[in-house]
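Report on the following structure.
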Amino acid sequence: MTTLTLFTPSGVVATARPLRLAAQRLGEVGFRVGLDEAALARHQRFGGDDELRLAAIHRVARAAPHIAMATRGGYGLTRLLDRIDWPLVARSVERGTRWVGHSDFTVLQLGLLAHARGVTWAGPMACYDFGRLAEEHGEQAAPAVDEVTRDCFVEAMSGALEAVGFRTEAGFDGLDVKGVLWGGNLCMVNSLLGTPHWPRVKGGVLFLEDVNEHPYRVERGLLQLHQAGVLDAQKAILLGAFTEWKKSPLDRGYGLKSMVEAVRRVTRTPILTGLPFGHVPTKVTLPVGARVQLVVQARDVLLAW
């Protein structure tokens, strides 16, 4: 049976119930789930102090379960980057461990890519994706676990998933490129610029998402990447979900669409929207650091590895 360890490298798990529920649900789809001994630790806003969370990462890496899934994101991994034993984490990948998460987890994934070229998986996290409760909407209840998220994750972890598809805007028909897939949360990606943990990927496929960031802040982050020479160095850029931001009366029609149009005007790299990934219930699971092929027919996008 496939072993799956839940560990907390970033923010505190506020209550145990979502984590216990996630463990149960992951068990129901065939995984043998274990909780790291410090998964429910607390220190300020963190899942334990820095030493405890660093030890948890190294403990999971030494145990090398089939899957290592973050309980949640938040903030905290940036504090640890200079002290993570990257060769140890890389050896766990070589032994078959698939590290999975998103949000704050982005910096661990890109740090490993920078230091060891190891492949990790951008995908669901325990509490956010498998520990959510059914939300009532009038007479209908939203499913507690999104089926697409669950099934895509299970397929990816079994090795059966070789591609994902989605719909984008018109204008990219015939695009066919190959390169290393990398990226994740935009704020976390940008936080690595100029550090030893920045992966110098050229000719890649960069995917990005974010939450609680107004479009002007997303634009600023994308322009920072452009001005640093990152966007023009890629074969394609895939934009996922940018959610939970609030409109301002100063916007006067400015929003996500006009933001994307503005960034497209300054880079030669195609920018495709519609990737089902981010702080949303429905998300695909993607191999960070793997070589992929991106093909567009009409408005249909296929991302294969």
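Could you identify the single residue in Ala160, Ala144 that is aliphatic (A, V, I, L, M), out of contact with any helix residue (DSSP H, G or I) (no Cβ under 6 Å at 6 or more places or on another chain), modelled with pLDDT under 95 and in a loop (DSSP other than H, G, I, E, B)? One residue alone meets the criteria, Ala144. Contact map, region 203-226: residues that are over 16 Å from Leu110 (Cβ atoms) paired with residues that are of a type in the set (S, T, N, Q) and outside any helix (DSSP H, G or I), Cβ distance under 6 Å, separation 6+ or inter-chain. Pairs shown: Val211/Thr243; His226/Thr267.
Of all the listed residues (Gly253, Gly274), the sole one being small (Gly, Ala, Ser), open to solvent by 10 Å² or more (accessible area, probe 1.4 Å), on the phi > 0 side of the Ramachandran plot and in contact (Cβ under 8 Å) with a residue 24 or more places away in the chain is Gly274. Search region 183-241 for residues being polar (S, T, N, Q) and in a helix (DSSP H, G or I), and hand back the single one that is most open to solvent (accessible area, probe 1.4 Å). Residue satisfying both the conditions and the ranking: Gln227. Candidates in region 1-26 are the residues that are within 17 Å of Phe105 (Cα to Cα) and polar (S, T, N, Q); of these, the one that is surrounded by the fewest Cβ atoms within 10 Å (Cβ to Cβ) is Thr5. Taking region 257-301 as the range and being over 23 Å from Arg72 (Cα atoms) and polar (S, T, N, Q) as the test, the residues that pass are Ser258, Thr267, Thr269, Thr273, Gln293, Gln297.
Screening Val107, Val93, Val89 for residues that are aliphatic (A, V, I, L, M), under 14 Å from the mean Cα position of the chain (by Cα) and not in a loop (DSSP other than H, G, I, E, B) leaves exactly one candidate, Val107.
The values are calculated or read from the model by the stated rules, or taken from the named source; none is laboratory data. Here the structure is a predicted model, which means the values were calculated and not measured. Counting neighbours? That spans all protein chains shown, and the Cβs are built from the backbone with ideal geometry, glycine included. To get the accessible areas, we keep the full protein, side chains included, count just its heavy atoms, and leave off ligands, DNA and RNA. Shrake-Rupley method; radii C 1.70, N 1.55, O 1.52, S 1.80 Å.
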